[in-house]
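The values are calculated or read from the model by the stated rules, or taken from the named source; none is laboratory data. The shown structure was predicted, so the numbers you read here are calculated from the model rather than taken from an experiment. Cβ coordinates were reconstructed from backbone atoms using ideal geometry, including for glycine residues, and neighbour counts include every protein chain displayed. Quick note on the areas: whole protein, heavy atoms, side chains included, nothing else; ligands and nucleic acids left out. Shrake-Rupley method; radii C 1.70, N 1.55, O 1.52, S 1.80 Å.
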Amino acid sequence: NFDKIAVKCFDNAQFNVTVSLTYSKNTINCRAMAYKEDKSIALGWIDEISAKFMIDDRVVNFKPKYNKKQGYFIRGKNLLNGEFSCLSCEVHAGDTLLGKAEKCKED
């Protein structure tokens with residue numbers, strides 16, 4: 001099972017995880033991809049991988065969903081209607097941080 005083996009050796013120099021964050025008024029997307037030996041691995045299908053979303057360093061209490069095109073995402077009516085400075089997402093394998101992305105309004 002290539003996906004599970006790749007996650008177990010994520011700290012190998014040949015294994016890289018990239019995380020990017022996009023948002024709209026109702027959705028925050030956190031796209032996480034792993035690359036090992038020029039092959040991409042969608043991390044969302046592995047049970048041990050999870051995502052955490054934050055608005056101004058406050059954890060958002062929505063259960064993230066996953067699809068291959070968008071990655072991890074949370075959606076809610078007027079989710080970002082209020083004022084905020086920064087959004088961030090973290091992708092974890094158990095207690096280990098695999099990657100993080102942040103977008104601030106001045107970016």
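Of the trypsin sites (Lys or Arg not before Pro) found in the stretch 76-107, those in coil by DSSP whose Cβ has at most 11 other Cβ atoms within 10 Å are K77, K105. Residues in the stretch 71-84 carry Karplus couplings, in order, of x, 6, 8, 10, 9, x, 4, 6, 3, 10, 5, x, 7, 8 Hz; the curve used is 6.51 cos²θ - 1.76 cosθ + 1.60 with θ = phi - 60°, and Gly or Pro positions show x. Backbone amide hydrogens, once placed in the peptide plane, bring L98 within less than 5 Å of V91, H92, A93, excluding anything fewer than 5 places away on its chain. The alpha carbon gyration tensor of the stretch 54-106 gives principal lengths a ≥ b ≥ c with a/c of 1.5 or higher and a/b no greater than b/c, which makes the shape oblate.
Per-residue 3J(HN,Hα) values for the stretch 21-34, derived from phi via the Karplus relation 6.51 cos²θ - 1.76 cosθ + 1.60 with θ = phi - 60°, read 10, 10, 8, 9, 4, 10, 9, 10, 10, 10, 8, 10, 10, 10 Hz in sequence order (x marks Gly and Pro).
Overall, the accessible surface of the chain at a probe of 1.4 angstrom is composed of carbon and sulfur to the extent of 46 percent. Between K52 and E106, what FRET efficiency follows from the Cβ-Cβ distance if R0 is 22 Å, with the result rounded to 0.05? With R0 = 22 Å, the Cβ-Cβ based efficiency is 0.45. Phi angles of the stretch 87-102 translate, via the Karplus equation with coefficients 6.51, -1.76, 1.60 and θ = phi - 60°, into HN-Hα couplings of 10, 8, 9, 10, 10, 10, 10, x, 8, 8, 6, 8, x, 8, 9, 9 Hz per residue; Gly and Pro are given as x.
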